[in-house]
Structures are given as C-alpha cells and as structure tokens.
Amino acid sequence: MKDKILGIFPLDWRYDITSLPYVRSVLKSRWVPFLIIVFNLFFFTIILMAGVVGGVSAGNYNFAIMFVWILWWVMLMLVFVPFFSRIWCSTCPLPAFGEWIQRLGFLKVRNKLFGLNRKWPKQLKNMWLMNFLFLGTTYTTGFLTTRPIATFILLMAIILGSVVLSTVFERRSFCLYCCPVSGFQGLYSNIAMTEIRCKDPEVCRNHNVSTRAKALGCDYQQRDCVRGNENGYACPWLEVPFNQNRRNTYCGMCFECFKTCPYDNMAFNLRPPATDLVLDKKRGLDEAWKAFMMLGIAIFFFLIMQGPFGFLKDWANAKTLAGYLSYISVHSTFNLLIFPGIFFVFSYASHALGRTELPLKRVFINFSYTLVPLGLMAWIAFSVGIIFANGSYLIHVISDPFGWGWNLLGTANFPWTPFMTGMVPYMQIGGLLLGLALSLDIGFKIARQTFKNRDEAVMGFYPIAAFLTVTTMFLMWLFTG
Amino acid sequence: MQKKQIVEIIAGLMIITATAGAIAGTFLYEDMLNNERKTIVILALALEFGNWSPPEIKLVEGEPVRLKIRNTDTVTHGFAVPELGIGIDEPVEIKAGHVAKIDITPTKKGTFLYVCTVWCSKQHPKMVGRIIISEK
C-alpha cells in the first residue's frame, strides 16, 4: 500500500503545472522572473523611501512597516511558503543587484560570471549563520515594527551585503547562507505544495551520452542545468536540479533549470504537503535548531506584539537598557537552549522506549523535523492575528505612502477597521490542529525510518507525540486564551 | 544593434524606471501638489520627540499659504492659532500618521503662537510654535 500524507494524499502524487504549454513557455522565458523582480523593485523603492521620509514613529501609518511586516511577512507565511515554496526568493529584488553585477547584465547569458566567484567556506555551508542572523534580527523586532528607519537599515544592509558577497562568492551564496529570512523559508518550504524536479529521471541519467547534448556542445562531465549553457545560467542556488532525492530547502525556484535543460525535462509539480519532510536524507542539527528557533520566536513574537504583557513590549522596545538586555537574554536562552533542551528530554525518552541502535543525536535530529508543520502553522496563526486586525492600515498607506497628505486612490482617510477578528481564534485553532495532524503524521513516518520495526516505532514515537500535542495545546491557549 | 543588446537596454530602462523613476516621480508629484499654492510643511511631534518642526514660520501679510501639518507621532495632535481664529470654531485634530491642510491668507501682521490642542503628553502645554507675519 502506498504511503499517504494524512492518510489522504499519496506521497508520490504529482501534477506538473508546466504540462500546460503556456505556463511552460512563460517559465522558460528570460523575462521570468525578471519582470516580477522589477515590479517588486518598484515597491521596495517606495518602501525604502517611506523608511526615510515616511514619518518618524507612527508605524501603523507607515508604508514601509505596513508593507514589509504586515503584508509581505504575512504573505510569506500564509501563501508563498506553504503553497509555492521559496518562490519569493526568485522574485526578491534585494539580492538582484548583486546578481546583475555578477552577470554584467539583466537578461543576457554570459559564460563567465563577474567577480571572484569563490566557493563559500565549507564550515559555513549550513544554516547556522542564518540561524544567528535571524535571531539577531529578532532582537530588533521592537524597532522594526515601530520605527520605519529600522526597516530601511535592515533592507539596505541586506542589499549591500548581497552586493558585496556576490562580488566575492559564487552565485547566490548570500541568499543560500546569509540572508536572515532565507533559512526559515528553506526549512518551511519542505511543506510546500509545489516543487521543481525533473520529469523523467531516466532522461537526466542518459544526458551525458545523448547526441543532442553533443550537438549543443555540452561538456559531457556535467549536465546543462549544473554548468549552464547559452540559454541559461548554471543553477544559481548551487543545486543539482536533476537530483530527485533533494528537498526544497535550498531550491530558490528561479526556474533557471527550465531554461537550460535541452530536453525540456524539468517540471513544476503540485504535490501533497510536507512530502520533503519524509525524505531521510541530509537532516542536520542546523536545520533542527532552525525548527526550534522558529517555533520559539513565534511564541515570543506573539507575546510581544499581541500578548497581554506590557513589560515584555517595553523590554523589546528598549524602554530601558536593563529591560532590553533582559529581553535578549531570555529570548536567546529560551530559543537556543531551553526549548531544544526540553525536546532533547523527549527525544531521550523516545530513544529509550524505541530501543534503536541509532545514536541519540540522530533520533533528536530526525524528530526535530516534526516541528516544521507545527511551526509553520504557529506562524500562520500569528499572521492571521496580525492581518485581520491591522490589514486596514494598508488601505490608508497605499493612498498616502509617505504621510505627505496624498490621496492617490481616495482611501487616505480609510479608518482603522479590524476585519473578522471574531473568527480569528477559530482560524488559529483550526490551523494549529492541522499543524498537529501533519506533525504527528510526518512524525510517525520518521519514527518508522528511525526504529527497526513498527512496534518499536510506535513506542519510540509516544514521547514525541506527547511533546507535539502538549506544545499545540500550549499554542492554542496562548493564541486564543 | 543586435536584438539582445536592445533587450538589455529595455531591461535596464525598466530598472531605472522602477528605482530612480519612482524616486523622481514621487518628488515631482509632491512638487506639483505644492505648486497649487505656497505650502509650508509643519511636523507635529510631542515635546519629548522634538516639538513642532519648524518651531517658527514666517508668512507675509496678504499672501495665500497652505499649512500642511504632518503628524508623524504616535499620538493625536491638534493645531490652532487662537489669535488668527484658526482651529477655534472648527477644531483641527490630526490623528497619528495623518496630515491636515489649512489654507490661510494672513490679514494682520505680528507674532502669533500656534499650539497643540489635544493632550498629547506630559509636556503638552509646552508644545508651542510661532508664526511671524510680516508686512508685504
């Protein structure tokens, strides 16, 4: 019997969206994603301007804050990541300057990239740097969501960082290993209901010896998607696109492989959610910690932004130095040590009950991936609470983006109007329960990979199931209590 | 010129339009709006965060002017020039993030105080600026 997600969706079910000829021709065009990047660049130019000239401290009436931290962040968690994986990364305008400098052009394809093109240090080829950079960014959450200039500084730091690193390191090294928002998008994209994979692995396997490849002048050592050709660049994300046993984590969804593949063998698949989490390959401590941190940060963000504890808001807003240092200490200790520590205790119990020969570290890492569905759903629950309560500010700022008294669309005087807030707790509970169901389902599949037989898997999974259930109950109490 | 070069130029122009064009367009539009009438921008901030900016504005008797008061603060502010009758019969209340526009033509010369009329902070009574109206 085929394995299914939630007992409904067969794990290997796929539908290639690019089987629709028009979609395929759009994705093969060099204008995609360029045109979307230009569109986003326009918006981010306005955002950066609003960060400087759009007001001093009225965050909820500032275009930069509203569009970045209310609209973009919520879209990322609610739509982009769960449905389209890292599609944002392919259209993100922030690292585009770095990439255009490397390519010395916008649409043309060059064989050699400008810059030093150094390899990223091997020790840093993981998520640790991104984990710490993201954690560091969350230290400023009190400023980012209330002071427009803080958002300007963060975005400019990302732009400048990507430009500098793009001239030193190869391709999208900045996005892969440095961007603070890249890590969680990568990890949570394992849940995404889309993926880019090859259509027929056999075609890729035979690529080296094909006469067509010879005719196109391919180097037989490498496939076109890996080394690039006259139609497109080598995978900017340093992926091996034809590898079927990869996860979405590091695929930037740029569709460059669609352009380079001489056999038109790439597919943009619809798939059941969370299928990547079942893949028993390349699981690591860096990603495990990302899962802990993301869930922990969701809890902290809720407490700071929507919770009843005024003193926490004051701490995060740095009302006093002592309070701010307390926030950093408590926030870091909980996310880096306490939360993973609690999970470790449950992993230890799992290891003991399941009696596996695998090391405890492996059990700990494997099961940490069960936090991914629950973590994403916690963020979705958090985002739902933000967008329905505060979304109406967007209607104001779109008409008066700089607070200069404009009324571009006639909505500058639209009052703050919370929308469907009575439904929010139900949506949050529903989302969290769905997250729990997915986490339990994925968790048991991981248990079967981790332990020798079904009985041991059941025994070994009990502590993890208990942890997931208790955490979900806590989150439900937190969000709706 | 090759087709590829033309395409690159078009792409480059699109990027310039999206960035420099957006910035230039913003300021041109603001200038266009302000050209309708001489406009003076006043920032409303509680005393702790900077007070009215500028704290002193100079007008000329008989010359029409638009006061554009931007509340860039997190609290509501008010605006009144009691001696000129501004904001007295029709109180001007400006919510955080909003802008009030007041068109006036000064009819008497002298120095007048403009004040915040909404209790905005502990230092609210000190949130005062000056309008100096000179002879034409």
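The values are calculated or read from the model by the stated rules, or taken from the named source; none is laboratory data. All figures in this text were calculated on a predicted structure; none of them were measured in a lab. All Cβ positions, glycine included, derive from the backbone under ideal geometry; neighbour counts span all protein chains shown. These area figures cover heavy atoms from the full protein model, side chains too; ligands, DNA and RNA do not enter into them. Shrake-Rupley method; radii C 1.70, N 1.55, O 1.52, S 1.80 Å.
Miscellaneous remarks
- Within segment A:179-203, residues that are under 20 Å from A:Trp379 (Cα atoms) have Cβ atoms under 9 Å from residues that are assigned to a strand (DSSP E or B) in these pairs: A:Ser189/A:Glu195; A:Met193/A:Leu270; A:Thr194/A:Phe268; A:Thr194/A:Asn269; A:Thr194/A:Leu270, counting only partners at least 6 apart in sequence or on another chain.
- Residues of segment A:320-355 classified as on the phi > 0 side of the Ramachandran plot and hydrophobic (A, V, I, L, M, F, W, C), total: 0
- Scope segment A:352-371; condition part of a loop (DSSP other than H, G, I, E, B) and over 24 Å from A:Leu433 (Cα atoms); matching residues: A:Arg355, A:Thr356, A:Glu357, A:Leu358, A:Pro359
- The single condition from (1) open to solvent by 20 Å² or more (accessible area, probe 1.4 Å); (2) in a helix (DSSP H, G or I); (3) in contact (Cβ under 8 Å) with a residue 24 or more places away in the chain that A:Ala322 fails is (3).
- Only a single criterion out of (1) surrounded by 16 or more Cβ atoms within 10 Å (Cβ to Cβ); (2) on the phi > 0 side of the Ramachandran plot is not satisfied by A:Gly7, namely (1).
- Any hit, segment A:408-426, residues being crowded, with 16+ Cβ neighbours inside 10 Å and within 30 Å of A:Pro463 (Cβ to Cβ): yes
- Residue within segment A:368-378 that is over 21 Å from the mean Cα position of the chain (by Cα) and either among the aliphatic types (A, V, I, L, M) or open to solvent by 30 Å² or more (accessible area, probe 1.4 Å) (or both) present: no
- Filter result (at the interface with chain A (Cβ under 9 Å from one of its Cβ atoms) and either in contact with a Gly (Cβ under 8 Å, 6 or more places away or on another chain) or open to solvent by 50 Å² or more (accessible area, probe 1.4 Å) (or both)) within segment B:12-32: B:Met14, B:Thr17, B:Ala20, B:Ile23, B:Tyr29
- In this entry, B:Glu8 passes the filter for residues that are farther than 23 Å from A:Ala50 by Cβ, facing another protein chain (nearest Cβ under 10 Å) and not in a loop (DSSP other than H, G, I, E, B).
- Candidate set: segment B:82-121, residues that are open to solvent by less than 40 Å² (accessible area, probe 1.4 Å), within 16 Å of B:Asn51 (Cβ to Cβ) and part of a strand (DSSP E or B); chosen: the one nearest to the other protein chains (Cβ to nearest Cβ): B:Ile94
- The listed residues are A:Leu135, A:Leu94, A:Leu48, A:Leu124, and the only one of them that is closer than 30 Å to A:Leu434 by Cβ and at pLDDT 95 or above turns out to be A:Leu135.
- Checking each residue in segment A:48-87 for being among the basic types (Lys, Arg) and within 14 Å of chain B (Cβ to nearest Cβ) picks out no residue at all.
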